[in-house]
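Worksheet: the structure to be examined is printed underneath.
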Amino acid sequence: MKSPTDISSQYLHIGRAGDLTGGDRFLYRFLETLPAFLSVGTLVIFILLSFIKPALVAYFTIGFSAYWLFKTVFLTIHLRYNFKRLRHNMHVNWGERLINVRHKEVVHVVVFPFYKEPYEVLHASVEALKHSNFNKKQIAVVLASEERAGQDAQDVARRIENEFSGVFLDIITTVHSADVVGEIAGKGSNIAYATKEATRLIVDTRSLPYEKVLVSAFDSDTVAYPDYFASLTWHFLTVEDPLHASFQPVPLYNNNIWQSPTLSRVLAYSSTFWQMIQQERPERLSTFSSHAIPLSALVEVGYWQRNMVNEDSRIFFNLFMYYNGNYKVVPISYPVSMDANATPTFLGTVKNLYRQHLRWMYGSAENIPYLLFHFIKNPNIALMKKVRMAFVHIEGAWSLVVQPIILFAVGWLPLLIGGAVFNSTVLSYNLPIVSSWFLTSAMFGLVFLAVYATRLVPGRPKERGLFASIRMVLQWFLVPITMIIFSSIPGIDGQLRLAFKKYLGFWVTPKQREAETHTAPAVQ
């Protein structure tokens with residue numbers, strides 16, 4: 001196999017078709033239209049066939065319903081196994097495990113990129129590091145501010161820097177310049193700059209070996225639980241080929257979960273459960289939100305991509321391509337906690353939730369042309385790896401958009417527009433009965449979601465009544481609605497934006513928190 005440097009660097013940090021020329025630009029532009037073509041095309045075909053061949057659509061709908069039941073059972077089993085693994089890992093004495101490995105050589109550089117988040121949010125995140133059950137002199141903190149956020153943001157960083165001076169190996173503030181040519185304002189360009197500065201100011205000045213430095217790319221509201229860095233260190237030192245691996249914790253959204261509206265809680269824990277399921281299928285796992293990467297790999301690949309909306313998953317694909325497929329994500333099944341998306345008003349929360357999921361769905365779509373383009377250009381990646389990864393991401397982007405709409409809307413069109421001939425058939429009579437049976441059976445999976453959610457959520461605050469706990473269970477019946485509003489619709493929106501070159505810019509999720517909460521959830 002050829003070395004990573006044999007791959008042309010001109011392709012590594014592609015953001016969109018306009019970054020290329022000639023035939024490459026035409027190819028990439030075609031691939032950018034593919035997600036929308038598959039999703040919208042499927043829905044259009046379903047609608048047309050409802051007029052022309054309603055019986056065929058009815059059979060497809062029954063098949064989709066059966067597949068949905070099978071998938072629900074399959075994913076629930078994975079969720080159960082990961083929940084048990086998470087519960088186990090939160091009770092492991094990671095300090096004892098570290099005794100037998102050379103953990104004192106490992107240094108963690110923790111980067112907190114932030115924009116205009118309040119002091120309380122960033123302070124809680126750094127305070128959690130102070131209470132970590134890991135040697136604080138092996139942790140360096142980087143407060144990555146933005147010049148475009150103004151002097152107030154830098155003042156927040158300097159205040160925290162002064163408050164925690166002497167606690168860690170080092171704590172520094174970086175200021176990412178505004179309006180840099182070739183960059184999209186957002187987390188990716190900020191953490192790329194901040195990590196490069198940290199390499200120069202912290203790592204190089206101490207002559208630390210890059211192979212022993214792990215960079216944790218956190219969100220500003222990421223609260224690390226006490227044993228997180230001990231668990232991360234142990235996984236780094238015991239996994240096979242650690243320098244070709246990223247490390248992914250389970251994201252919880254417990255910082256403000258009791259203060260968040262119902263929709264926010266459902267969507268927050270839906271994201272958590274999906275990540276837990278993916279941790280049981282590591283071949284499908286890519287980095288998400290807060291994650292850790294060896295500094296040596298980051299330096300070789302040129303840090304995070306600066307012209308991307310979803311830099312968290314793209315850095316994994318950058319590294320996967322750079323190392324010709326010899327790169328993986330290691331699930332550590334230990335949590336970090338962040339804020340659920342919430343605002344003071346219901347409409348404001350709905351708007352922000354939509355924008356957040358639009359960003360995620362758009363990011364899922366824009367990774368597909370990147371993957372396919374590199375798979376075409378790079379002969380050094382094994383064919384089966386290409387096929388498997390391409391299928392996983394194309395099917396994932398397609399099913400998140402198409403399946404909810406077919407199951408709860410389009411699939412029932414034959415009953416409305418199939419005409420008198422179809423409505424007089426046995427199939428017409430059985431369609432709602434059979435499909436409803438499959439869907440109702442699948443809905444029992446919501447019971448498991450409710451049970452697992454209540455075991456992950458921190459104890460109910462005293463000021464919250466019993467009804468708040470009851471609502472934590474009943475909220476899961478909103479899932480069919482949230483799947484369409486916050487999965488299918490933003491999915492189509494994002495894919496069409498990509499197809500018609502209405503490229504999405506970065507949007508910072510506002511942080512709303514009534515009180516600081518960074519205690520471990522009562523996983524039982």
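Rule-based calculations on the coordinates, nothing more; no lab input. What you see is a predicted model; the values in this text were computed from it and never measured. Please note: Cβ atoms are built from the backbone with ideal geometry, for glycine as well, and neighbour counts cover all protein chains shown.
If R0 is taken as 45 Å, the Cβ-Cβ distance between SER441 and TYR119 corresponds to a FRET efficiency of 0.35. Note on LYS351: lysines with a C-alpha under 18 Å away, same-chain residues under 8 apart excluded, are LYS511. Spacing of the modelled spin labels on GLU300 and ILE52, each 7 Å from Cα toward Cβ, amounts to 5.2 nm.
State the Cα centre-to-centre distance between segment 339-405 and segment 43-96 in whole Å. Here the answer is 17 Å between Cα centres. The calculated FRET efficiency for the pair LEU201 and ARG455, based on their C-beta separation and a Förster distance of 41 Å, comes to about 0.45. Judged by the ratio a/c of the largest to the smallest principal axis of the C-alpha gyration tensor, segment 103-347 counts as rounded, that ratio being less than 1.5. Residues of segment 302-317 with an amide N closer than 19 Å to a point placed 7 Å from the Cα of ARG148 along the Cα-to-Cβ direction: 304-312. Lysine pairs in segment 103-347 whose alpha-carbon atoms fall under 19 angstrom of each other, counting only those eight or more residues apart or on distinct chains, come to 10.
Given R₀ = 35 Å, FRET efficiency for ASP179-GLU283 by Cβ-Cβ distance, to 0.05?
Numbers: r = 40 Å, r/R0 = 1.14.
Step by step, r from the Cβ atoms, then E = 0.30.
Mean residue ellipticity at 222 nm from the helices of the chain, using -39,500 (n - 2.57) per DSSP H segment of n ≥ 4 over the full residue count, to the nearest 500 deg cm²/dmol? Dividing the helical sum by the residues of the chain leaves -17500 deg cm²/dmol. Starting at 0 and stepping by 10 Å, how many percent of the alpha carbon pairs of segment 219-295 end up in each bin? With 10 Å bins starting at 0, P(r) equals 16, 45, 30, 8, 1. Listed peptides 245-255, 295-305, 32-42, 375-385 appear in the order 245-255, 295-305, 32-42, 375-385 once ranked by packing, highest mean of other Cβ atoms within 10 Å at the front.
Starting from the Cα-Cα distance between HIS91 and VAL479, subtract it from 0.36 nm times their residue separation and give me the gain in nm to one decimal. Let's see the in-between values first.
Working: separation 388, 0.36 × 388 = 139.68 nm, distance 3.11 nm.
Between HIS91 and VAL479, full extension yields an extra 136.6 nm.
Shape summary: the chain maps onto an equivalent ellipsoid whose semi-axes, from the alpha-carbon gyration tensor, are 39, 28, 22 Å in decreasing order.
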